[in-house]
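Participant: The structure that follows is given in the form of structure tokens.
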Amino acid sequence: MSNFKKLRQRMVNDQLVARGLHDQTVLNALNAVPREAFTPTNLIESAYRDSPLPIEENQTISQPYIVALMTAALELKSDDRVLEVGTGSGYAAAVLGEICKTVYTIERHKALADTAQVKLKETGYINVQVKHGDGTLGWPEKSPFDAIIVAAGGPEVPQTLKEQLVIGGRMVIPVGKSLKSQKLVRIRRISKDEYKTEDLGGVRFVPLIGAAGWGE
Ligand code: SAH
């Protein structure tokens with residue numbers, strides 16, 4: 001067995017299962033995606049570390065546990081259409097692509113969007129479409145979505161994203177008026193005009209910057 005495969009299995013056991021995450025679909029996905037392929041070359045030895053890692057443009061690949069927690073909270077089914085805001089390295093998009101048929105992901109930094117696109121193709125995630133742009137506006141042409149995951153923290157939940165959920169759709173997003181800490185929430189669209197919000201705990205994400213996020 002390759003060293004990375006061993007490290008990956010250990011990560012799933014020690015970082016996910018040990019913390020009480022038992023969603024088998026999500027565990028399988030994190031056990032399948034080669035995180036080392038999305039990690040900057042100089043940090044490849046740290047690919048399975050229990051922490052976020054720096055990538056270009058001052059951004060980060062989220063900690064494996066956070067990716068797993070948010071993915072589990074989306075309650076995905078294999079034929080769901082998912083939107084991710086904040087492609088970053090492309091790692092979380094690959095995890096979503098492992099579970100769902102169609103994944104759309106948007107990144108505001110062109111260099112990151114381009115690199116992620118190449119890496120997703122190289123690793124075989126041809127069901128993930130990457131777009132460069134402001135994800136707080138969603139992806140109207142591809143909407144509605146069964147699930148939306150936002151990988152950056154904004155001051156509030158963008159209304160446009162809520163409206164791009166199907167009835168019964170779920171969105172997981174960090175929100176908070178501070179750049180230093182947010183709370184992770186799950187929003188469920190109950191009917192055309194009704195949404196239910198659940199608090200999933202405290203987190204710290206890079207800022208969501210855009211029309212319905214923080215200013216530049
Ligand atoms: N899911 C990523 C985590 C990346 S960090 C991974 O697995 O690697 C969050 C990303 O959100 C950053 O790359 C940042 O540039 C991006 N981002 C912030 N605001 C955004 C916006 N309005 N639209 C799209 N991407 C945004």
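Derivation of every value follows stated rules applied to the coordinates shown; laboratory data play no part. Only a predicted model underlies this, so the values are computations on that prediction, with no experimental measurement involved. Backbone-built Cβ (ideal geometry, glycine too); neighbour counts: all protein chains shown.
Participant: What distance in nm lies between label points placed 7 Å from Cα along the C-beta direction at Gln9 and Lys121?
Facilitator: In this crude label model, Gln9 to Lys121 measures out at 3.3 nm.
Participant: How large is Rg over Rh for the chain, taking Rg from the Cα atoms and Rh as the Kirkwood inverse mean of 1/r across Cα pairs? Mind dumping the intermediate values first?
Facilitator: Values: Rg = 15.9 Å, Rh = 17.0 Å.
For the chain, the value is 0.93.
Participant: By how many nm would the segment from Ser178 to Ser191 lengthen if fully extended, with 0.36 nm per residue of separation less the alpha-carbon distance? Mind dumping the intermediate values first?
Facilitator: Numbers: separation 13, 0.36 × 13 = 4.68 nm, distance 3.02 nm.
Gain in length upon complete extension: 1.7 nm.
Participant: When the scattering of region 170-216 is computed by the Debye formula from its Cα atoms alone, each counted once and equally, what is log10 I(q)/I(0) at q = 0.30 Å⁻¹?
Facilitator: The Debye formula, applied to the Cα set alone, gives -1.05.
Participant: If you don't mind, another one. Could you give me D for region 59-105, from Stokes-Einstein at 4 °C and 1.567 mPa s, where the hydrodynamic radius is the Kirkwood radius over C-alpha pairs? Units µm² s⁻¹, please.
Facilitator: Values: Rh = 10.7 Å.
Estimated via Stokes-Einstein, D reaches 121 µm²/s.
Participant: For region 76-188, state what percent of all Cα-Cα pairs lands in each successive 5 Å bin, counting from 0 Å until the bin that includes the largest distance.
Facilitator: So the P(r) values, bin by bin, are 2, 13, 24, 24, 21, 11, 4, 0.
Participant: Here's another thing I want to ask about it. Restricting to DSSP loop positions (anything but H, G, I, E, B) with no more than 14 other Cβ atoms inside 10 Å of their own Cβ, which trypsin sites (Lys or Arg not before Pro) remain in region 87-151? Please report the intermediate quantities before stating the final value.
Facilitator: On the way: sites: Lys101, Arg108, Lys110, Lys119, Lys121, Lys131, Lys142; in loops: Lys101, Arg108.
For trypsin sites (Lys or Arg not before Pro) across region 87-151 that sit outside H, G, I, E and B with at most 14 neighbouring Cβ atoms in 10 Å, the list reads Lys101.
Participant: Let me ask something else. Amide H neighbours of Gly169 under 5 Å, at least 5 residues apart or on other chains, H built in the peptide plane: list them.
Facilitator: Residues meeting the amide H criterion: Arg189.
Participant: While we're on this one: Would you please give the FRET efficiency between Trp214 and Ser2, computed as 1/(1 + (r/R0)^6) with r the Cβ-Cβ distance and R0 = 45 Å, to the nearest 0.05?
Facilitator: Result of the calculation: an efficiency of 0.65.
Participant: Please give the residues of region 82-102, grouped as numeric ranges, whose backbone N is less than 20 Å from a label point set 7 Å along the Cα-to-Cβ vector of Asn58.
Facilitator: Label zone hits: 86-90.
Participant: So what's the back-of-envelope 222 nm ellipticity for the chain, counting only DSSP H runs of four-plus at -39500 (n - 2.57) apiece and dividing by all residues, rounded to 500?
Facilitator: Working: 6 runs with 55 residues, N = 216.
Computed ellipticity for the chain at 222 nm equals -7000 deg cm²/dmol.
Participant: Take every DSSP beta bridge whose two residues both sit in the chain, then give the antiparallel share in percent to the nearest 5. Don't skip to the answer; put the middle values down first.
Facilitator: Working: 17 of 38 bridges.
Taking every DSSP beta bridge within the chain, about 45 percent pair in antiparallel fashion.
Participant: Compute the separation of the alpha-carbon centres of region 32-69 and region 148-216 and state it in Å as a whole number.
Facilitator: Spelled out, the Cα-based centre of one part sits 22 Å from the other.
Participant: 7 Å from Cα along Cα→Cβ at both Glu45 and Leu200: what's the point-to-point distance in nm?
Facilitator: Rounded to a tenth, the inter-label distance reads 3.3 nm.
Participant: What distance in nm separates the simple spin-label points at Val17 and Lys162, each placed 7 Å from Cα in the Cβ direction?
Facilitator: A separation of 4.0 nm, rounded to one decimal place.
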